[in-house]
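Right, one structure below, let's go through it.
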Amino acid sequence: MPTERTPVWFMRQAGRYMAEYRKLRQSHSILEICKTPQLAAEVTMQPIDALDVDAAIIFADLLLPIEPMGLKLEFVQGDGPVIHNPIRGAADVDKLNVLNAADLGYVGEAISLVKKELSGKKPVIGFIGAPFTLASYMIEGGGSRHYAHTKQLMYSEPETWNRLMDRIIRTVTPFAASQVAAAPTPSRFSIAGWARCAGRLRALRVAPRHYARAPAPDHRRARDLLRHRRAAMMPLLDRAGADVLGVDWRIEIDDAWASVGHRPAVQGNLDPLALLAPIPEIRRRVEDILRRVGGRDGHIFNLGHGIIPQTPVDHVKAVVEMVREYQLPQNG
């Protein structure tokens with residue numbers, strides 16, 4: 001959809017780089033904030049108030065659906081998410097519950113609160129974790145460098161893998177639908193995860209042929225039920241049918257977009273660490289991205305990944321202003 005200017009928002013735009021969030025975290029855990037609609041709405045609105053970005057992204061963790069499925073989730077200081085009873089075989093998969101998605105209703109309540117506060121002035125973005133991402137966490141028991149358990153299960157027990165993906169999809173589908181129902185318009189929806197952008201695929205080390213065989217069909221199925229590495233990976237990602245593809249900073253955004261024929265919209269792709277640079281250097285990088293896009297409709301200015309905790313808030317705000325002030329050079 002054409003817009004009068006390039007919209008701008010950020011991955012992880014609410015979080016530890018903001019003093020308001022850090023203050024809240026002194027008395028509330030991540031899961032407590034996620035599960036308390038008033039707190040989740042408050043955190044969601046913090047970057048709207050501080051940065052005036054063009055969309056509110058609901059504060060929730062992509063791993064929330066695994067709890068009603070029967071897994072024990074904890075966020076450990078310094079280690080991130082830990083699943084205390086990970087999936088390691090068919091028996092574990094068969095124990096998973098797919099009927100408790102209603103337990104996630106607190107996210108929809110938070111969306112409704114944000115929607116009310118915004119009064120239609122900005123869209124609300126909800127999200128779910130991509131099935132492949134959720135499966136990886138559920139199998140590994142947390143983050144991993146090599147994803148040995150995940151790939152072993154996927155390669156050696158394909159029937160078990162397929163049953164796991166089926167249970168994940170049957171859980172996240174009603175969860176996504178409940179988010180859409182909580183903010184019918186204007187609203188947006190995102191599938192977030194390791195098989196969503198080129199850099200994440202590289203981190204997971206999934207070969208293109210394996211992505212086409214495993215995660216991509218499951219992403220298509222999730223999208224259909226919901227009625228969402230480089231340039232070589234972009235066409236495969238595009239085949240999943242998303243309306244918007246996220247592009248990380250390891251590939252030039254014009255090359256990435258051209259590789260999919262400019263069919264989907266794209267968002268990206270400033271290196272998050274560039275936000276630590278001096279303002280003139282940030283401006284150079286922001287303007288380079290906008291120049292590469294060339295004013296084409298369908299670009300959302302964003303980062304190639306999430307804001308890191310050390311990022312100065314003033315630098316993030318400056319990027320918003322740079323995007324809004326930018327004008328394409330006139331030929332001649």
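The values are calculated or read from the model by the stated rules, or taken from the named source; none is laboratory data. Here the structure is a predicted model, which means the values were calculated and not measured. Neighbour counts run over all protein chains shown; Cβ positions are idealised from the backbone, glycine included. Just so you know, the surface numbers come from the protein's heavy atoms only, side chains and all, with ligands and any DNA or RNA stripped out. Shrake-Rupley method; radii C 1.70, N 1.55, O 1.52, S 1.80 Å.
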Rg [Å, one decimal], Dmax [Å, integer] - segment 47-94, C-alpha atoms: 16.0, 48
Whichever aspartates and glutamates have a C-alpha closer than 20 Å to that of K151, once near sequence neighbours (fewer than 8 apart) are set aside: D92, D94, E140, E159, D166, D218
What translational diffusion coefficient, in µm²/s and rounded to a whole number, does the Stokes-Einstein relation yield for segment 1-129 at 25 °C and a viscosity of 0.890 mPa s, taking the hydrodynamic radius as the Kirkwood radius over Cα pairs? 152 µm²/s
What does the accessible area per residue of segment 1-138 come to in Å², with a 1.4 Å probe and no ligands, DNA or RNA counted? 45 Å²
Counting only protein heavy atoms with a 1.4 Å probe and every protein chain in place, the carbon and sulfur fraction of the accessible surface of segment 84-190 in whole percent equals 52 percent
In nanometres, what is the gap between the two model label sites at D288 and N100, each 7 Å from Cα along Cα-to-Cβ? 4.8 nm
Which entries of K35/K115; K72/K115; K72/K95 show an alpha-carbon separation above 22 angstrom in the structure shown? K72/K115
Net charge of neighbours whose Cβ lies under 11 Å from the Cβ of L96, counting Lys and Arg as +1 and Asp and Glu as -1: +1
For segment 259-308, report the accessible area per residue in Å² (1.4 Å probe, heavy atoms, rounded to an integer). 41 Å²
Ranked highest first by average number of other Cβ atoms within 10 Å, how do 243-254, 67-78, 110-121 line up? 243-254, 110-121, 67-78
What's the ranking of 315-326, 24-35 by average number of surrounding C-beta atoms within 10 Å, highest first? 315-326, 24-35
How far apart, in nm, are two points set 7 Å out from the Cα along the Cα-to-Cβ line at Q152 and at K116? 5.0 nm
